[in-house]
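Working notes for the structure below.
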Amino acid sequence: MAQFPRSAYAPLHARARSLLPRAYPSQRGWGPGWPNCQREKMVPVDAGGVRVSVRREIAELVRLLIETTELMGYDVRHPPETGGGTWGFSCRAIKGATGDQPSWHSWGLAVDINATRNPLSTRFVCNIPPPIVTLWESCGFYWGGRYTGTYDPMHLEKIGTPAHVGLDLRTAQTAYDRLAPKPEPPPPPEDTVTAEQVKTLQTMLNTLGANLVVDGAYGPATDAALKAANRTVTELIVAKSRADRLTAAADTYLTSIAQAVDAFRRVTS
C-alpha cells in the first residue's frame, strides 16, 4: 500500500469542524474516561474481518465505517498480525503524553487503524487513502494525522455529544449503501406452457363448443372457455355419479323381482 504525504489530505471536513472544539468526552456528555472507564458500556463490533470494542452508542456507526473503508479498497486487517493492528477501547492514559491525560480510547470513542503502518511519530507516515479520512470526518470523527508535533495517523476519534451520533449514522449508512454490492434480482419466471400446448388446449375446447381462435395465446377468452369446460366436466361427473347410483338401485330392484318370480315358479310348478 502506497504512503501518502500529509499535503494529499483535504482540509478538515465541515462536519468534523462543526463539532469543534475537541473537548474531552467527559465535558460533552459521555461520562468519565480513564481511570474510571465505563467498561459496561462497551460492546464488540465485528466488521471488515476485525473485532473492535467501542461505546455502545457508536457501535453501528463504527461498523458501517469499517465496512465502507473495506469497500473503498483499504484493508483494515493489514498487516496480518494478531488483531490486524486495528483496535478500539483501551482503559489507559494517552501514550507518550505528560501527566495523566485520559486517552479517547478510554471512553470507547476512538479506533486505531493499522497501527504499525500508520505509527505515532514525529515523522508523518500514513497509508490510509485521503478519501477514507474524509469519510470518517464526514461522520463526526477527528483524525490524528491532523495533530501537530507528533502525528497519530492511525487514530480516529468521535467528537461531539451523544446527540450528534444520529446524523452521523445516517451519513455513514448512505456511504455504505452507495458502495455495497446490490443483490441480484430474481430471474424472471420461466413460461410453464408453450404456445403449441395452448393451441392443443384451444382445439380441445372448441370440440366442447367454444369458439376460440387457435393462435397459441392464452388470453381472457381461452381462460373463460377453460373455466366453462371445467364447470361442464364437473357437472358431467356429478351427473354420471348420480346415474351410476340410480342404475345400481335399479339393478338391485330388478334382481329382487327376478328372484321373487323364480321363487314363485318353483313353488307353483
Go through (1) in contact with a helix residue (DSSP H, G or I) (Cβ under 8 Å, 6 or more places away or on another chain); (2) at pLDDT 90 or above one by one and return the number of the condition T161 breaks. (1)
Determine which single condition R22 fails, assuming it passes every other condition in (1) outside any helix (DSSP H, G or I); (2) surrounded by fewer than 12 Cβ atoms within 10 Å (Cβ to Cβ). (2)
For the condition loosely packed, with under 13 Cβ neighbours inside 10 Å, touching a residue at least 40 places away in the same chain (Cβ under 8 Å) and out of contact with any Lys or Arg (no Cβ under 7 Å at 6 or more places or on another chain), what is the one hit in A172, A163, A195? A163
Look at G216 and say whether it is touching a Pro at 6+ places or on another chain (Cβ under 7 Å) and more than 18 Å from T68 (Cβ to Cβ). no
Would you pick out the residues in the stretch 1-19 that are in a loop (DSSP other than H, G, I, E, B) and in contact with a helix residue (DSSP H, G or I) (Cβ under 8 Å, 6 or more places away or on another chain)? F4, Y9, A10, L12, H13, L19
Against the definition (over 21 Å from the mean Cα position of the chain (by Cα) and not in a loop (DSSP other than H, G, I, E, B)), how does S90 come out, yes or no? no
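The values are calculated or read from the model by the stated rules, or taken from the named source; none is laboratory data. None of the values given here were measured: they were computed from a predicted structure. So basically every Cβ, Gly included, is an ideal-geometry build from the backbone, and we count neighbours across all protein chains shown.
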